[in-house]
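**Student:** Mind having a look at this structure? Questions to follow.
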């Protein structure tokens, strides 16, 4: 398997990579498929598009703005197109249009209030995040359809792709790379044999698919927008949308830290930075998937602290993100980063493991210490549920990112105090996460049917 650093870290909008970015990309893909059809053979006088959301997408889609995402995708938008757009104004226009244009020529009826169906019956067997897109004729007969699954981190698969024997990931063959590792054990074996770092191996593999200039330009752009997201969050205040009346806190926290620097701790800074990102995400603003939107604050917070408090360089940021993406690729290949599949252990847990590995690397850690750091961080997120209150990526998601960043930093420093040898291999920890996710009730996997989501005291 090969998953690029620029695929794991994607620039888009909040609040969810699996419930917002994935559905938007799927809807855009379906619109393109319709555009390629021979309309004369379909014999449609007046077509209509319908989207049926299943599983977790049905239960928490409203809170995660899945209906907005589908509408934007059908109107031709992709997440990266919306970074500098006023999305609220755009959605207001779309909601009143009642149709979409395919290839700017074919007019198809589409009313998001009617044609997006939140089907809360049993989830589809292939994956809990299912979407069925249909093109109907004037008699409401289905003349063309495609089924997609949003598998986490903004990645999607069609039903044909997800039913293939290999893991349901769109990825290039690792056999084309110099260092074809698909497990942490293989990664360490190659690092030892070649006497190279994890970041170096990842870079060499990336350069099999794109130029060094494009690779570094892409990584630098990711880091630029991570910083922009943090800084916007630290400057913003007011209530977050959605109806929970949750106040933004990162600005106030940041100001208190700055007013009493002598007593400020690393935990204070990391929480301020991570929460700033996830408040922006909850508001539906620009965010970098890292590796998901729900966990988007962990990695930026750890890097931002390293750069601004420990004089980290641009070259070290590149090393951090390359190392983190190597770990994230292994986790995604061997388990999941989707909260709907394995709970929040797959989101914040994966982000913390990636951040710990990246930080350990730039602090001079050996490959063994880097693998150890990732394992420590992931291990202490095992069993974490995904139970967002009211289906919104706010409680407990925002604070959880702060704690994920703290655990990542702690894991990195703890690993650096050792020699890299440890009892539990990262691969075994990833397998434990996968099995825990399989055995976890669907109530705790992004459906808001259990845990904190149903434990709100009503006064």
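A short reminder: the numbers here are calculations on the coordinates, not readings from a lab. Every value quoted in this text rests on a predicted model; they were computed, and no experiment measured them. Positions of Cβ are backbone-derived with ideal geometry, glycine not excepted, and every protein chain shown enters the neighbour counts.
**Student:** Calculated from DSSP H runs of 4 or more alone, at -39500 (n - 2.57) each and per residue, what is the 222 nm mean residue ellipticity of the chain, nearest 500?
**Tutor:** On the way: 20 runs with 224 residues, N = 459.
The helix contribution divided over the chain gives -15000 deg cm²/dmol.
**Student:** List 337, 327, 132 from most exposed to least, where exposure is judged by having the fewest other Cβ atoms within 10 Å. Show your work: numbers first, answer last.
**Tutor:** Details: 337 28, 327 32, 132 19.
Result, fewest neighbours first: 132, 337, 327.
**Student:** Distance in nm between label sites at residue 121 and residue 212, each 7 Å beyond Cα in the beta-carbon direction?
**Tutor:** Placing both labels 7 Å along Cα→Cβ, they lie 5.7 nm apart.
**Student:** If you don't mind, there's one more thing I want to ask. Provide the percentage of antiparallel DSSP beta bridges, counting only those with both residues in the range 16-162; round to the nearest 5. Don't jump to the answer; show the numbers that get you there.
**Tutor:** On the way: 23 of 28 bridges.
So the antiparallel bridges amount to about 80 percent of the total.
**Student:** Viscosity 0.692 mPa s, temperature 37 °C: what is the translational diffusion coefficient of the range 297-446 from Stokes-Einstein with a Kirkwood Rh over Cα pairs, rounded to a whole number of µm²/s?
**Tutor:** Numbers: Rh = 15.0 Å.
Answer, rounded: 219 µm²/s.
**Student:** Expected output is a single nm value to one decimal: the length gained when fully extending between residue 456 and residue 428, i.e. 0.36 nm times separation in residues minus the C-alpha distance. What is it? Display every interim value, and only then the final one.
**Tutor:** Working: separation 28, 0.36 × 28 = 10.08 nm, distance 3.55 nm.
Full extension from residue 456 to residue 428 adds 6.5 nm.
**Student:** Moving on to the next point. How far, in nm, would the chain grow between residue 266 and residue 314 when pulled straight, counting 0.36 nm per residue and subtracting the alpha carbon separation?
**Tutor:** Numbers: separation 48, 0.36 × 48 = 17.28 nm, distance 2.14 nm.
Extending this stretch completely gives an extra 15.1 nm.
**Student:** Once the Cβ-Cβ distance between residue 37 and residue 161 is put in as r, and R0 is 22 Å, what FRET efficiency do you end up with, to the nearest 0.05? Walk me through the numbers on the way to the answer.
**Tutor:** Numbers: r = 20 Å, r/R0 = 0.90.
The value I calculate is 0.65.
**Student:** Continuing with the same structure: Could you tell me the convex hull volume per residue, in Å³, taken over the Cα atoms of the chain?
**Tutor:** Here the figure is 152 Å³ per residue.
**Student:** If each residue of separation counts as 0.36 nm, what is the full-extension length gain between residue 107 and residue 256 once their alpha-carbon separation is subtracted? Intermediate results must be reported in sequence, preceding the final value.
**Tutor:** On the way: separation 149, 0.36 × 149 = 53.64 nm, distance 5.41 nm.
So the chain would gain 48.2 nm between residue 107 and residue 256.
**Student:** Still on this structure, I have one more. From Cα coordinates alone, what are the radius of gyration and Dmax values for the range 16-162 in angstrom?
**Tutor:** That works out to 14.3, 40 Å for Rg and Dmax.
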